[in-house]
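For reference, the structure is listed below as structure tokens.
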Amino acid sequence: MRVQTSSVADPGARGVESATRRPHNLVGIRSTVELGALHTFPRLILPVMTSALRRTGKRPAGPPTAVFRPRVDGTFEVTAGYPTVGRHVLGRPFTSERLPGGDMVQIMHCGSWSTLLFSYDRLNEWLSARRVSLVSLMWEEYVVGPDLVADSAAWRTRIVVPLPARPASRSAACRFRSA
């Protein structure tokens, strides 16, 4: 997975970076999850995914990942799994999906998952300042987690939010019409 990043010049962003990412595949298990269980689901599912990939001889192409899609009823559709090279079909209950590429905003959270909301607050400030209000998809990449280090102070979670495509500028649209 290739990522280009640049620090956002906004001093209020405090660790928020813009990034350009390529699309990538994820194999995992998907479920509809209540808000209170958002981080319990990945913790339960990721060991199952690790075992399934080992049994099939497939190797992850990146860190464990949880994809979150807010639903209108207040729940979330969550897929917990691993990035892979190519699409992998493991059969039920596993699913495969393609995460989008393009412009993203991301932040690296350092510490326990119980404090992730502070990093989400920083991301929300950044998005609000740029009038990005609807986010239909986001994901967390567990770069360093309890599977690697017992001390939660050493955990690293990258939160990624794809940005909506920028509309064409008015002047470009006018030039297009007059040509």
So if I check each of 33, 27, 85, which one is of a type in the set (Val, Ile, Thr) and modelled with pLDDT under 90?
85
So, in region 20-39, how many residues would count as being farther than 15 Å from residue 96 by Cα, hydrophobic (A, V, I, L, M, F, W, C) and crowded, with 18+ Cβ neighbours inside 10 Å?
1
Does region 140-156 hold any residues that are closer than 20 Å to residue 70 by Cβ and modelled with pLDDT under 90, and which are they?
none
Which pairs have Cβ atoms under 8 Å, sit 6 or more apart or on different chains, and link a residue in region 40-63 that is crowded, with 17+ Cβ neighbours inside 10 Å to one that is in a loop (DSSP other than H, G, I, E, B) and of a type in the set (D, E, K, R)?
46/147; 53/59
Of all residues in region 142-168, how many are in a loop (DSSP other than H, G, I, E, B) and either under 17 Å from residue 19 (Cβ atoms) or not aliphatic (A, V, I, L, M) (or both)?
10
Step by step: first the residues of region 64-85, then only those that are more than 17 Å from residue 144 (Cβ to Cβ) and β-branched (Val, Ile, Thr), then the one that is surrounded by the most Cβ atoms within 10 Å (Cβ to Cβ). Which residue is that?
79
Can you list residue pairs whose Cβ atoms sit under 6 Å apart, with the first residue in region 119-139 being at pLDDT 90 or above and the second being among the basic types (Lys, Arg)? Count only pairs 6 or more apart in sequence or on different chains.
122/14; 137/69
Residues within region 127-141 that are out of contact with any Gly (no Cβ under 8 Å at 6 or more places or on another chain), over 16 Å from residue 24 (Cα atoms) and not in a loop (DSSP other than H, G, I, E, B), tallied:
2
Does region 122-145 include one or more residues that are more than 20 Å from residue 101 (Cβ to Cβ), touching a helix residue (DSSP H, G or I) at 6+ places or on another chain (Cβ under 7 Å) and of a type in the set (Asp, Glu)?
yes
Any hit, region 123-139, residues being surrounded by 14 or more Cβ atoms within 10 Å (Cβ to Cβ) and among the small types (Gly, Ala, Ser)
no
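The values are calculated or read from the model by the stated rules, or taken from the named source; none is laboratory data. Everything numeric here is computed off the predicted structure, so don't read it as measured data. Here the Cβ is made from the backbone with ideal geometry for all residues, glycine too, and neighbour counts use every protein chain on show.
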